[in-house]
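Here the structure is laid out as structure tokens; the discussion comes afterwards.
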Amino acid sequence: MDKQREASAAHWADETAAKIIREKGEKDLYTCASGITPSGTVHIGNFREIISVDLVARALRDMGKKVRFIYSWDDYDVFRKVPKNMPKQDELQNYLRFPITMAPDPWDRDASYARHHEVDVETMLPFVGIQPEYLYQAERYRSSRYAEGIRKALEHRDTLKSILDKFRDEDHKIQGEWWPVSVFCDKCNRDDTDIDGWDGDWGLGYHCNACGHKETVDIRKAAGVKLGWRIDWPMRWQYEQVDFEPAGKDHHSQGGSFDTARLVCKEVYGWDAPVTFRYDFIGTKGVPGKMSSSSGQVIALADVLRVYTPELTRYLFAGTRPNTEFTISFDLDVIKIYEDYDRLERIAWKAEPAKNDDAYRRARRIYELSQVGAVPAVMPYQIPFRHLCNLIQIADGNIDQAIAGISPAPAPEQIPGLKARAACAKYWVEESAPEEFRFCLRGEGERAPLSDSETAAIRDLRDKVIAGIEQYRDDKSCAEAIYKVAEDHGMDGKVLFRAAYQALIGKDQGPRLANFLRSIKQERLLAILRAY
Ligand SMILES: [Zn+2]
């Protein structure tokens, strides 16, 4: 019974790790793989695959296994279309049908178009604790590293053709001559080429439809010969001895590339396909205008990290099963997600009781997997995200000032985490939060247009509540004193609140008043309300 309960409480990454060991047997090294074509901005949906592999790799390591985590940049793929969010559209059009590694970087920052997108990812992943070994397929193909695998595909041309046809209906079966390889023309670099023949050994003939070039190349030396995707993928599983690789639902459809790759891998390359699972898409919600205009609605990891700390970002994925679709929010939900994480953290640290032991273990595991490195030695300083947003606005956006006054004071080792959270809060409240969430304190001595009775009540709020604000030990006792002022003036509480927000921030609504007043320095409050 206990064992069963334990199993049901297991994290999906641990379940997958156990499955890999079960299916692949005990090994000295387990290879976990992921990869993508850097044909445009690598978006947060693509990141789901990377972090899924990272989580499973961690789970394997936690079981005492050695793991190699490889990330393949498929940068020898063809440049098929220019994404809308790229600058220099016209210039890039000239490189269609080139390998993407030969298109120039339209921002002139990196060596190529592909390299630019690779660098964007490679610089961000360490922030969330992910450090795979990168494999660059352009470099590998050009150095003829896969010559044996290419030859094997040519030898098994008929088998490959029948595997690909297996999942196609009569109308869609391969017609005419078919080759498992394609060639980038040595003269004009385009893949607008046709294969003329293979000599049964290392010689492959082709001609180019774009420039008329024609030659026979030696596969062991040629830079431009490449396997088609459905052959390339399983060839590399065998080449790298891959034990685990997840894939998106586009590849995991019935008869999709994973199904054919599994057969190709076994029948042609003699290797069992890796353990896999299907991960689902990710949506986004409430994306701030600034983000979408800069990247054409493509949300990348870097964008998510502006609003969510690295731990929160990992938590979004570690806390959700991969085959579940979910939405990353940039709107008011951000507050709730931070609250959920804080609760998880308290349970994981036993600062709040869990419903039962299973719930504790589950929370603890998700929490561990959400950390960038090891779980910190001291529980992080908890400050509700909503409150932090208020403190930052009270401090006119100055993070150091916002966290300088908090009590109890954080321990030195808690400060970096607190500052990281504050930076996210600042970005969110300034760029992404709904308008009603934003405020700016009035200047000293400014006056709001209030009625005489409201003015009198604000005066009392200043002299009877704020003047002695340090005596209230909590928000509740302070709130009672505020209501007392309203009562003394025969005023509805709501009317006083509205007047107070008008006097302080020039709006009809604002953060919960008692807490708000207690968060602002007394002398500053008195100065703002001086003129009443
Ligand atoms: Zn050519």
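The values are calculated or read from the model by the stated rules, or taken from the named source; none is laboratory data. Since this is a predicted model, take the numbers as computed values, not measurements. Note that we place each Cβ from the backbone using ideal geometry, even for glycine, and neighbour counts take in every protein chain shown.
Of note:
- Only a single criterion out of (1) in contact (Cβ under 8 Å) with a residue 24 or more places away in the chain; (2) within 9 Å of the ligand (Cβ to nearest atom); (3) under 30 Å from S34 (Cα atoms) is not satisfied by E240, namely (2).
- In the set (1) crowded, with 19+ Cβ neighbours inside 10 Å; (2) more than 30 Å from M86 (Cα to Cα), K266 fails one condition alone, (1).
- Qualifying residue in segment 170-181 (condition: within 23 Å of A138 (Cβ to Cβ) and touching a Phe, Trp or Tyr at 6+ places or on another chain (Cβ under 9 Å)): yes
- Counted residues, segment 116-142 - those being basic (K, R) and over 24 Å from D192 (Cβ atoms): 0
- Conditions (1) within 16 Å of S72 (Cβ to Cβ); (2) in contact (Cβ under 8 Å) with a residue 60 or more places away in the chain: number failed by T276: (2)
- Filter result (touching a residue at least 24 places away in the same chain (Cβ under 8 Å) and small (G, A, S)) within segment 53-100: A57, A59, S72
- When the residues of segment 320-366 are filtered to those that are in contact with a helix residue (DSSP H, G or I) (Cβ under 7 Å, 6 or more places away or on another chain), aromatic (F, W, Y) and within 30 Å of G289 (Cβ to Cβ), the one that is modelled with the lowest pLDDT is F330.
- Criterion (at negative phi and crowded, with 17+ Cβ neighbours inside 10 Å) met by exactly one of D243, D196, D272: D243
- Residue tally, condition among the β-branched types (V, I, T), surrounded by fewer than 20 Cβ atoms within 10 Å (Cβ to Cβ) and modelled with pLDDT under 95, over segment 379-414: 1
- Scanning segment 344-365 for residues that are among the aromatic types (F, W, Y) and either within 16 Å of A10 (Cα to Cα) or in contact (Cβ under 8 Å) with a residue 40 or more places away in the chain (or both) turns up just one, Y360.
- Sole residue being in contact with a Cys (Cβ under 8 Å, 6 or more places away or on another chain), more than 16 Å from the ligand (Cβ to nearest atom) and under 25 Å from S143 (Cβ atoms), chosen from W271, W202: W271
- Residue list for segment 406-453, filter: within 16 Å of F385 (Cα to Cα) and in a loop (DSSP other than H, G, I, E, B): I406, S407, P410, A433, P434, R438, F439
- The set of residues in segment 472-504 being part of a helix (DSSP H, G or I), aromatic (F, W, Y) and over 18 Å from T455 (Cβ atoms) consists of Y483 alone.
- When Y360 is tested against the conditions (1) more than 16 Å from P416 (Cα to Cα); (2) surrounded by fewer than 15 Cβ atoms within 10 Å (Cβ to Cβ), the lone failure is (2).
- Count of segment 465-494 residues, restricted to those that are of a type in the set (S, T, Y) and over 47 Å from the mean Cα position of the chain (by Cα), is 0.
- Checking each residue in segment 108-124 for being closer than 18 Å to Q89 by Cβ and surrounded by 17 or more Cβ atoms within 10 Å (Cβ to Cβ) picks out S112, Y113, A114, H116, H117.
- Search result, residues across segment 205-228 that are surrounded by 19 or more Cβ atoms within 10 Å (Cβ to Cβ), hydrophobic (A, V, I, L, M, F, W, C) and more than 9 Å from the ligand (Cβ to nearest atom): I219, A222, V225, L227
- Odd one out for Y532 among (1) modelled with pLDDT of 95 or more; (2) crowded, with 20+ Cβ neighbours inside 10 Å; (3) not aliphatic (A, V, I, L, M): (1)
- Tabulated pairs, segment 119-141, first within 11 Å of V372 (Cα to Cα), second at pLDDT 95 or above and polar (S, T, N, Q), C-beta under 6 angstrom, 6+ apart or interchain: V128/T313
- Some residue of segment 510-524 being touching a Lys or Arg at 6+ places or on another chain (Cβ under 7 Å) and surrounded by 13 or more Cβ atoms within 10 Å (Cβ to Cβ): no
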